[in-house]
Amino acid sequence: MIIFQSVSKIYKSNSHSVIALDNVSFKINPKEFVSLVGRSGAGKSTIIKLLIGEEKPTKGRIIFGSWDVTRLKQSELYRMRRHIGTIFQDFKLLPEKTAYENVAFALEVSGRPEEEIHELVPKALEMVGLSSKADNFPRELSGGEKQRVAIARAMVNNPDVIIADEPTGNLDPINSSEIIKLLLKINELGTTIILATHNRDVVNSINKRVISLEEGQIVRDEEEGKYILF
Amino acid sequence: MITALVRVIKYGIQNFLRNAWLSGATIVVMVMTLTVFGGLIIGNIIARTVINSIQEKIDISVYFKNDSPEDEILRIKSILESLPEVKMVEYVSKEEALSIFKEKHKDDATISQALEQLNENPLLASLNIKARQPEEYSVIAGYLNNDSIKPFVEKVSYSQNAAVINRLNKILSISRNGGMILTIVMTLIAILITFNTIRLAIYSSRESINIMKLVGGSNFFIRTPFLVEGVIYGIISAFLSLLVIGPVVYFASPYIKVMIPELNLWQKFMSDILVFFSYQLIFGVGVGLVSSFIAIGKYLKD
């Protein structure tokens, strides 16, 4: 369960302040698949940064499961983050680790025993179709392959929720649709998915809940929604 | 906990090997600074040997009047020995003085003949006094003016050499302080260069650090591999700097021996090589570890 309660985020600089989120409230239930849509700067990434505790809201409260994200200390955040899988536009793979090691890393940081890691990592890589590239470094993989490694890493921990911030932003349509298919499959297995994107085709092909953002406010929140631009 | 420790050590070694280019560059800089540090240690050994050997040569001799009874001289010797400033007092009797004199001039026929023609021993009994600190000779010289000693004293060498001893003392203390300041300054520079190099190496990993945070790595999990790398840098650099310094000492040793006969630098280096290596190791690992710790802290805070 994820709850945003009247959350605002204002970025202040010397001369002026920018309102990134303006009094936003919503609730995401377990096992939901939610798309956050809107133009660049509408507030999608801000919501994600606030949810994973990378930034603190100026006002309001954010609840993730049993955690009050707004009150977590920096040193406690990592425990919460082990329950969230994250996927980014720029993949964020560790360049000095192989595909296998990148996926294993998520398990190693949470202290899982080696036997479990040896069992789970190949499974995750198999699910994203990359068993044959386990020993390749990110620089030896294509964009689509990198993103699939990132998905394997996000799901290997069996997290409560996977957050994908523009996961298809750097990919061609074919790779994009494969990534979305993977996310849908993971969702079917019971993981909440939050997908932030401005790719209309992607959103319209999913047929799930869509939260539309504009200038930091929610303008629409529909089950089986579409990406509508004005 | 043990699994975590094994993992972070594995990461550290892995990062070190996979970033071979960066690790190599860091080590080159550290070897250079450690070589400077080692050079300072050796420089200090040389300077100390020179200073000590000069100090050894300074003493005061008190010559006693010809008719002074030996009992009195020995009484004065024991008084002097009880002074806190005095390190050693050596008694040279008239007879000993004569035999030393004869030994020194045995090849000189004129002197030997002249001595034989004299029926009595013309030399005086004396006490050679060495002070603990070179500055204390004036105190000791002052004490020799004491009324219980003075009547027996023929002459004190100090009054003749006072100017030279004072000037030597000044030179010694300047070189000692100068050497210390130089050592401190050079060590600080070495530490700063190493710190900066490691800071840059970690700066290049800031994106990875961020990713590890996002994936849920605790500070311990993110920091320790860098500390392990810092330790590896230190160990390897200590070894390599020894390989640089060793041959230099070996080839320089004969030349230094010409200037300072009492110092066999190569022999000293080899006999103390473990101590020397542990200095290098402590400095290298210490600086590597602390630098990594400080440099990584910046990325773990926010």
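The values are calculated or read from the model by the stated rules, or taken from the named source; none is laboratory data. Just so we're clear, the structure is a prediction, and the values are computed from it rather than from any experiment. Glycine also receives a Cβ, built like all others from the backbone with ideal geometry; neighbour counts cover every protein chain displayed.
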For residues that are within 8 Å of chain A (Cβ to nearest Cβ) and of a type in the set (A, V, I, L, M), scanning just the stretch B:200-214, find the one that is surrounded by the most Cβ atoms within 10 Å (Cβ to Cβ). B:Met212
Working carefully through the options B:Leu115, B:Leu123, B:Leu144, B:Leu127, find the one that is surrounded by 10 or more Cβ atoms within 10 Å (Cβ to Cβ), of a type in the set (A, V, I, L, M, F, W, C) and either more than 26 Å from B:Glu81 (Cα to Cα) or not assigned by TED's automatic domain parsing to the domain that holds B:Lys65 (or both). B:Leu115
Please list, ordered by first then second residue, the pairs with beta carbon atoms under 6 Å, 6 or more apart or interchain, first in the stretch B:264-289 and without any contact (Cβ under 8 Å) to a residue 40 or more places away in the chain, second of a type in the set (Val, Ile, Thr). B:Trp266/B:Val249
Identify the residue in the stretch A:133-164 that is among the polar types (S, T, N, Q) and at pLDDT below 95 and, among all such residues, is farthest from the chain's Cα centre (by Cα). A:Ser142
On the basis of being touching a residue at least 24 places away in the same chain (Cβ under 8 Å), of a type in the set (Gly, Ala, Ser) and assigned by TED's automatic domain parsing to the domain that holds B:Glu70, does B:Ala109 make the cut? no
Number of positions in the stretch A:1-46 that are assigned to a loop (DSSP other than H, G, I, E, B), of a type outside the set (D, E, K, R) and closer than 21 Å to A:Gln89 by Cα: 5
Just for the stretch B:214-238: of the residues that are assigned to a helix (DSSP H, G or I) and of a type in the set (S, T, N, Q), which one is farthest from the chain's Cα centre (by Cα)? B:Asn219
Which one of B:Tyr203, B:Tyr158, B:Tyr250 is modelled with pLDDT under 90 and aromatic (Phe, Trp, Tyr)? B:Tyr158
List the number of the failed condition for B:Glu154; all other conditions in (1) crowded, with 17+ Cβ neighbours inside 10 Å; (2) part of a strand (DSSP E or B); (3) in contact with a Phe, Trp or Tyr (Cβ under 7 Å, 6 or more places away or on another chain) hold. (1)
Of the residues B:Ser23, B:Ser53, only one is more than 14 Å from chain A (Cβ to nearest Cβ), among the hydroxyl-bearing types (Ser, Thr, Tyr) and either surrounded by fewer than 19 Cβ atoms within 10 Å (Cβ to Cβ) or touching a residue at least 24 places away in the same chain (Cβ under 8 Å) (or both); which? B:Ser53
Leading residue by the ranking (farthest from the other protein chains (Cβ to nearest Cβ)) among those in the stretch A:89-107 that are within 18 Å of the chain's Cα centre (by Cα) and assigned to a loop (DSSP other than H, G, I, E, B): A:Gln89
Tell me the helices (runs of 4 or more DSSP H) entirely within the stretch A:128-230 that contain at least 1 residues that are farther than 20 Å from A:Ile52 by Cα and in contact with a Leu (Cβ under 6 Å, 6 or more places away or on another chain). A:143-156
Looking only at residues that are more than 14 Å from chain B (Cβ to nearest Cβ) and surrounded by 15 or more Cβ atoms within 10 Å (Cβ to Cβ) in the stretch A:51-64, which one is nearest to B:Tyr299 (Cα to Cα)? A:Pro57
Output the qualifying pairs, or none if there are none: Cβ atoms under 8 angstrom, residues six or more apart or on different chains, first residue in the stretch A:105-121 and among the aromatic types (Phe, Trp, Tyr), second residue buried (at least 18 other Cβ atoms within 10 Å of the Cβ) and in a helix (DSSP H, G or I). A:Phe105/A:Arg153; A:Phe105/B:Met212; A:Phe105/B:Val215
Checking the structure you have, find out if any residue of the stretch B:182-199 is under 30 Å from A:Pro138 (Cβ atoms) and either without any contact (Cβ under 8 Å) to a residue 60 or more places away in the chain or within 14 Å of chain A (Cβ to nearest Cβ) (or both). yes
Please determine, by comparing only the residues of the stretch B:215-238 that are facing chain A (nearest Cβ under 10 Å) and not aromatic (Phe, Trp, Tyr), which one is surrounded by the fewest Cβ atoms within 10 Å (Cβ to Cβ). B:Asn219
Residue check, B:Leu98 free of Cβ contacts under 8 Å to residues at least 40 places away in the same chain, more than 37 Å from the chain's Cα centre (by Cα) and outside the structural domain of B:Ile191 (by TED's automatic domain parsing): yes
Does at least one position in the stretch A:108-118 carry a residue that is within 11 Å of chain B (Cβ to nearest Cβ), of a type in the set (A, V, I, L, M, F, W, C) and over 27 Å from A:Gly65 (Cα atoms)? no
Any residue in the stretch A:71-82 that is away from chain B (no Cβ under 14 Å), over 30 Å from A:Arg139 (Cβ atoms) and either exposed (fewer than 13 other Cβ atoms within 10 Å of the Cβ) or in contact with a Lys or Arg (Cβ under 8 Å, 6 or more places away or on another chain) (or both)? yes
Among (1) of a type in the set (Ser, Thr, Tyr); (2) assigned to a helix (DSSP H, G or I); (3) within 11 Å of chain B (Cβ to nearest Cβ), where does A:Thr86 come up short? (2)
